[in-house]
Amino acid sequence: MPALTVRLPVPIAEEWDWQLSAACRDTDPAVFFHPDNERGEPRARRVRAAKQVCRRCPVRDRCLEYALGSSERHGIWGGYTEDERKKLRRPVR
Ligand code: SF4
């Protein structure tokens, strides 16, 4: 009889511990998630502000890895917008 291997899920706390070091912990979440109908310069300004926070974030790689792995559709994660993450996910031809 073949050996049965059981893979237990990673404990929840470990899965999310990286967020404790996030540079955005004390930043208004509205900086990372656009309101309905936001366009043009207001949107560009908000995105720049969010990316500025992400640039100094010690867990940026982990954040981006999470967003790509979970197909996060909204917000700025790891310093990348929704559209920029879509391009990262596209296979290279
Ligand atoms: S990379 Fe940006 S969105 Fe992700 S945890 Fe850091 S500051 Fe927050």
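Here is how the numbers come out for the structure above:
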read-out: Accessible-area composition of the chain, carbon plus sulfur, in percent [1.4 Å probe]; value: 54 percent
read-out: Structure-based [θ]222 nm, the chain - -39500 (n - 2.57) summed over DSSP H runs of at least 4, per residue, nearest 500; value: -12000 deg cm²/dmol
read-out: Cα-based Kirkwood hydrodynamic radius, the chain, one decimal, Å; value: 15.0 Å
read-out: Of the GluC sites (Glu not before Pro) in segment 1-85, those whose Cβ has at most 16 other Cβ within 10 Å and which sit in DSSP loop; value: Glu38
read-out: Residues whose placed amide H lies under 5 Å from that of His34, excluding near-sequence neighbours; value: Gly75
read-out: Within a Gaussian network of the chain (alpha carbon springs, distance under 10 Å), most fluctuating of Ala67, Ala44, Ala22; value: Ala44
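The values are calculated or read from the model by the stated rules, or taken from the named source; none is laboratory data. Fair warning: this is a prediction, and the values are worked out from it, not measured in the lab. Quick reminder, even Gly has a Cβ in these numbers, built from the backbone with ideal geometry, and neighbours come from all protein chains shown. Ligands, DNA and RNA are stripped out before the accessible areas are found, and what is left, the full protein with its side chains, is counted by its heavy atoms. Shrake-Rupley method; radii C 1.70, N 1.55, O 1.52, S 1.80 Å.
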